[in-house]
Amino acid sequence: MSKQSGGLGRYIVQRLLLAVPMVLILLTLVFVLMRVAPGDPVSAAAGGKLSAAQLAEKRHIAGLDKPLLEQYWNYISNVAHLDFGTTFVDHRKVTDLIVDNGGATLSLTIGALIVAILIGLPIGLFSGRFRDSAFDVGARVFSITTYAAPVFVTGLLAQLVFSGGSLPVSDQADQLMSLNVDTTTHIYIVDAMIAGNWDAVNDALLHLVLPSVTLGLLIVGVFIRMIRVNVIQTLQGDYIEAARARGIKESAVVTKHAFRNALVPVITVLGLQVAMLLGGAVLTEKTFNWPGIGLMLIQYINQRDYVAVQGIVTVFALVVVFISMLIDFVNALIDPRVRY
Amino acid sequence: MATTTAAAEAADAAGGEREPVLSVRDLRVWYGTERGPVRAVDGVTFDVRPGETLGLVGESGCGKSTLGRGVLGLTPTGTALSGVVDFKGTNLVGLPPKRLQKLRGPDLGLIFQEPMTRLNPLMKISEHFEEALRTHERKLSKTAIRERALEALRGMGIPPSRYNSYPHEFSGGMRQRIMIALALVLRPAFVVADEPTTALDVLVEAQIIKILADLRKNFDTALVLITHNLGIVAEACDRVAVMYAGHIVEQGDAREVFANPQHPYTKELLRSTISLSTTGLHYIPGSPPDLGRPLEGCRFAARCPVAMRGCEEHEPPEVVLAGGVRSACWHQALEADPSLGEELGKDGREPLAVKEISVADEA
């Protein structure tokens, strides 16, 4: 056992060290992309409204008149201190913005992930196990359709269908009800629970349904396909035949040997899908007027606030790196071969 | 087929040996494909007695592996089985899957060709044993399971300290020994070993063959050893069955068959064997027939150096020869009973004009 845990420990350290260059590359990309755009943040946001002298002063305050390399260094060292800058148009710290609006995005992505797993896992396993059955054909059509439909189309459709009032189609909570919930964790549904206000919790859950399903459907197609093909492949595996030759019950062969092994590569895909979820969250938040980071991002993009956009994109990038690392650790825990 | 059954019964009566563990009679295993049935095993008859090792030899694609799997009912969906596989009084052909599943393991074992991928990579060796033992012997306690597993592993030379390791931590030879231990821990009366050493190096091969040879002494296990390697058969098998295109063309005492091969295919196969004393390489021109098409007559006729005109149209009956060796060839049949010649027709005994099979075609 000691040998194994040693392997795992070494693997985690390796993976953490690998994350450093990965983060640096990402940050550099964000920095360069922001500067490739014509003009500079100041003239983009305030050009035409201020005099040339005023613009120059603003540039000086923002440090945009310094050499590019120095700007790069400042950006990197600020990020290292978890300082993602201050928005240009309304002078908010990006970290405050993340804290205030991150909760809504978090509950939306987790909700979407739950929806994707609840729908995708059983459908994928079942259609893989009963390949080419009527169910499988239906599942394949379903997965292709949901994958092909853009978020705003699914979202608008959902809004149209439920606009009668059966489910809330906008915002994360009822305006009046949210007045009675104090903000402590910035995750509205958790705050409502802390307050013991179960009406508000119920209300928050209802608000969560349509956005979560809309965002969840974005990744459920890939999810179903991945699980299905992995189950099919695993069921043809040599150790499956060997287990049958040992007289292991068919139900145990399918669940213990095939399903479990088929899900290992799916976990990796799930990690990659989280990145897709964050992108989809921006669109979903806009469609459902969901007060998350994505909604803020669109607002700042419209106002051409490059500093805010750079800060938010940086945070998104860091989150993706963190999640992919987490997924690798989970993989190492499940699959002994990864550790070596 | 009447000839075959009669011959088999005669041999049984004459031998006066122990009751066979497994009696296969006219077994057919046909794969269903889009082009129609592929007759991988087409009317095969043999017996295996306790403690006896039957070597099953033949070219690739002649149905050896299919025969091994067919006996255990481990064929893919869409496969048709007919005939009788009598295991201790139960016909395994047509047995409900649930009952077959219960027999596989404690009664019927199978050892595979490729040991590297036969263990579940996510399960420890201990978990493989626990699963197998718990499936078939429910009352076994945790300590009893451990003891049984460690005993079986020790017999294969795997130290107890490796019990909780994962498959990827073992070499190919060790994995094959683990697979054998995993099959033997349930103490099956009948085991099929499907080319168990093909993927392993020579030293490990010798080790595995020794282990299998010891089986019959220690556990009285009946073994069908499928192999390409005629040397292994000579070394480890009591009897040998030579398969060609879904048929057994010759079977009998291993020493007898090797010393005095009767069927032309056996002769050619033995001539093609490479050993240290080999001076020139011999091979059989052509390749086995397409089993997806219905075949008439002797399946080997097209490649047979001594084929007669009648061989292509008339299936040779199986005859029992000296020493209990059985062969399905018109030459021996006519020797045993010249009256059979009528079936071959007027010029049936004329040598068959050998169709020129060009070497370039083969390359």
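The values are calculated or read from the model by the stated rules, or taken from the named source; none is laboratory data. The structure presented is a predicted model; accordingly, all values stated were derived computationally and were not measured. Reconstructed Cβ throughout: ideal geometry from the backbone, glycine too, with neighbour counts over all protein chains shown. Each accessible area value is taken on the protein alone, full model and side chains, heavy atoms only, with ligands, DNA and RNA left out. Shrake-Rupley method; radii C 1.70, N 1.55, O 1.52, S 1.80 Å.
Numbers below:
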| item | result |
| --- | --- |
| Karplus 3J(HN,Hα) series, Hz, for region A:51-61 with 6.51 cos²θ - 1.76 cosθ + 1.60 (x for Gly, Pro) | 6, 4, 5, 5, 4, 4, 5, 4, 4, 5, 4 |
| Residue-wise HN-Hα coupling along region B:229-235, computed from phi with Karplus coefficients 6.51, -1.76, 1.60 (Hz; x: Gly, Pro) | 8, 5, x, 5, 4, 4, 7 |
| Within the protein assembly as shown, percent of DSSP bridges classed antiparallel, to nearest 5 | 65 percent |
| Percent RCO, i.e. relative contact order, over region B:36-121, from Cα pairs under 8 Å lying at least 6 residues apart | 19 percent |
| Distance-filtered residues of region B:260-288 - backbone nitrogen under 16 Å, label point 7 angstrom along B:Val306 Cα→Cβ | B:260-272 |
| Potential extension, B:Lys98-B:His228 segment - 0.36 nm per residue separation minus Cα distance | 43.5 nm |
| Buried accessible area, chains A and B (both chains, 1.4 Å probe, Å² to nearest 100) | 2400 Å² |
| Beta bridge orientation in chain B: antiparallel %, DSSP, nearest 5 | 65 percent |
| A:Val338 versus B:Ala206: modelled label distance in nm, points set 7 Å from Cα along the beta carbon direction | 4.3 nm |
| Å² of accessible area per residue within chain A, as computed with a 1.4 Å probe and no ligands counted | 50 Å² |
| Selection from B:Val191, B:Leu340, B:Pro316 lying farthest towards where the dipole of chain B points positive, charges on Cβ | B:Val191 |
| Around B:Leu200: net Lys/Arg minus Asp/Glu count, Cβ-Cβ under 14 Å | -1 |
| Extension gain (nm, one decimal) between B:Thr33 and B:Thr117, 0.36 nm per residue minus Cα-Cα | 27.6 nm |
| Cα-based helix-to-principal-axis angle, A:151-162 vs chain A, degrees rounded to 10 | 80 degrees |
| Dipole magnitude (debye, nearest 20) for chain B, charges at Cβ of Lys, Arg, Asp, Glu | 1780 debye |
| Average partner coverage of B:119-128, which counts Cβ from other chains inside 10 Å | 5 |
| Among A:Gly39, A:Leu69, A:Thr28 the positive-end extreme of the charge dipole of region A:18-81 (Cβ point charges) | A:Gly39 |
| Lysines whose Cα lies under 29 Å from that of A:Lys286, excluding same-chain neighbours fewer than 8 positions away | A:Lys49, A:Lys93 |
| Distance between modelled label sites at A:Leu8 and B:Arg255, nm, 7 Å Cα→Cβ extension | 5.8 nm |
| Residues whose placed amide H lies under 5 Å from that of B:Ile248, excluding near-sequence neighbours | B:Thr45 |
| For region A:18-81, the Rg and Dmax computed from alpha carbons only, in angstrom | 13.9, 47 |
| Computed E for B:Glu235/B:Asp86 - FRET, C-beta separation, R0 30 angstrom, nearest 0.05 | 0.55 |
| Max mean-square fluctuation residue, GNM over chain A, Cα-Cα springs under 10 Å, options A:Leu215, A:Leu160, A:Leu125 | A:Leu160 |
| Check: the protein assembly as shown dipole with +1 on Lys, Arg Cβ and -1 on Asp, Glu Cβ, in debye | 1460 debye |
| Tilt relative to chain A, helix A:94-129 - C-alpha long axis, 0 to 90 degrees, to 10 | 20 degrees |
| Positive dipole terminus of the protein assembly as shown, leading residue within B:Val85, B:Ala144, A:Ile248 (C-beta point charges) | B:Ala144 |
| Reachable lysines from B:Lys139, criterion Cα separation under 25 angstrom, eight or more residues apart if same chain | A:Lys249, A:Lys256, B:Lys88, B:Lys98, B:Lys102, B:Lys124 |
| A:Ile110 paired with B:Asp220, simple spin-label distance in nm, labels 7 Å along Cα-to-beta-carbon | 6.5 nm |
| All lysines inside 24 Å of B:Lys267 as judged from Cα atoms, apart from same-chain residues fewer than 8 positions distant | B:Lys64, B:Lys355 |
| Potential lengthening between A:Ile298 and A:Met193 on full extension [0.36 nm per residue; Cα-Cα distance subtracted] | 34.8 nm |
| FRET efficiency estimate (nearest 0.05) - Cβ-Cβ, A:Ala252 to A:Val330, R0 22 angstrom | 0.35 |
| Note, ³J(HN,Hα) from phi for region B:170-187, Karplus 6.51, -1.76, 1.60, rounded to Hz, x at Gly and Pro | 10, 7, x, x, 5, 4, 5, 5, 5, 4, 5, 4, 5, 6, 7, 4, 8, 6 |
| Sequence-distant residues sharing a close amide H with B:Ile158 (under 5 Å, placed H) | none |
| 222 nm mean residue ellipticity, helices alone, for chain A (DSSP H n ≥ 4; -39,500 (n - 2.57); rounded to 500) | -25000 deg cm²/dmol |
| Calculated FRET efficiency for the pair A:Gln175/A:Gln71, C-beta based, R₀ 51 Å, to 0.05 | 0.75 |
| Relative contact order [Cα under 8 Å, 6+ residues apart], region A:15-115, whole percent | 16 percent |
